[in-house]
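Presented below is the structure to which this report refers.
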Amino acid sequence: MALILNIETATKNCSVSLARDGEVVALRELNDGNYSHAEKLHPFIKEVIAEAGVALNDLTAVAVSKGPGSYTGLRIGVSAAKGLCFSQDIPLISIETLRSLASSVEVTDGLIVPMLDARRMEVYSAVYDGTLQQVRPIEAEIIDESSFSKWLASEKLYFLGDGAAKCKALITHENAVFIEAKFPSSKEMARLSYEKYKKNDIEDVAYFEPFYLKDFVATPEKKR
């Protein structure tokens, strides 16, 4: 039996789940429009452990969303995951944030385009088929009226994630379908992390770093 703790902090959704053989048995998440990871992550971990009636030393592995996403959010999630793996001497599993988001929908007649909001009209995105095979790699891109035109000319594209909302006014092709209220969650990580665990697809705890995609740019402090 594999008991895996899943941590998702790449966006404003602070999400923790505990899964047994890929099935979620306890979940805590908060997506109130703010970055609450520093305050909520560790209490959520304690709560899902308690709800499942297990202890930290019962964990088989810890999975963490690897990015891309919020620089600070990813740092918080990865630091917590590493700490647990070191203290319990268990494996660390990383899950691509966009693939996890893509797995929250099922399509049979097109491609899935998960999008995370970057800044202004920029998004982090990738393209997946209905079996979650990646058909276009992860990119940071500025969205305009011609974005994804070569794909849209021949098949439906299902856009989802907090980056998709701001693209709806620009991408108006009839084959563009926008799915609302979807965000990366530890719920979707459960099956993916279990599959990677069975393959022993794990990370080096000491050297693992999040996938930022872009360098961190600090916002200048406003003058008072």
Hey, which of these cross-link pairs are over 29 Å Cα-Cα: Lys156/Lys198; Lys66/Lys182; Lys168/Lys196? Lys156/Lys198; Lys168/Lys196
The chain: longest stretch without exposed GluC sites (Glu not before Pro) (DSSP loop, at most 14 other Cβ within 10 Å), sites themselves excluded? 1-105
With Cα coordinates, the longest principal axis of the chain makes an angle with the long axis of helix 37-52, in degrees rounded to 10, of 60
Over the chain, with a Gaussian network built from C-alpha contacts below 10 Å, which listed residue (Ala102, Ala80, Ala153) shows the highest mean-square fluctuation? Ala153
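For the chain, what does -39500 (n - 2.57) per DSSP helix run (n ≥ 4), summed and divided by total residues, give at 222 nm, in deg cm²/dmol to the nearest 500? Can you show the working numbers first?
Values: 5 runs with 57 residues, N = 224.
Value at 222 nm, helices only, nearest 500: -8000 deg cm²/dmol.
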As I understand it, the value is the acute angle between the Cα axis of helix 186-198 and the longest principal axis of the Cα atoms of the chain; what does it come to in degrees, rounded to 10? 70
Which of Gly130, Gly77, Gly22 ends up with the largest GNM mean-square fluctuation for the chain, with Cα atoms connected below 10 Å? Gly130
So, with +1 on the Cβ of K and R and -1 on the Cβ of D and E, and no other charges, what is the size of the charge dipole of the stretch 105-179 about its Cα centre, to the nearest 20 debye? 140
Looking at the calculated P(r) for the stretch 105-179, what percent of the C-alpha pair distances fall above 19 Å? 24
Using a 10 angstrom cutoff on alpha carbons, build the Gaussian network for the chain and name the most mobile of Asp109, Asp129, Asp117. Asp109
Mind listing the long-range amide H neighbours of Gly161? Cut-off is under 5 Å, sequence gap 5 or more, other chains count too, H placed in the peptide plane at 1.01 Å from N. Met115, Lys182
So what is Rg over Rh here for the chain, counting just Cα atoms and using Kirkwood for Rh? 0.99
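Values quoted throughout were computed directly from the atomic coordinates according to the rules given, and no laboratory measurement underlies them. None of the values given here were measured: they were computed from a predicted structure. Note that each Cβ is placed from the backbone with ideal geometry, even for glycine, and that neighbours are counted across all protein chains shown.
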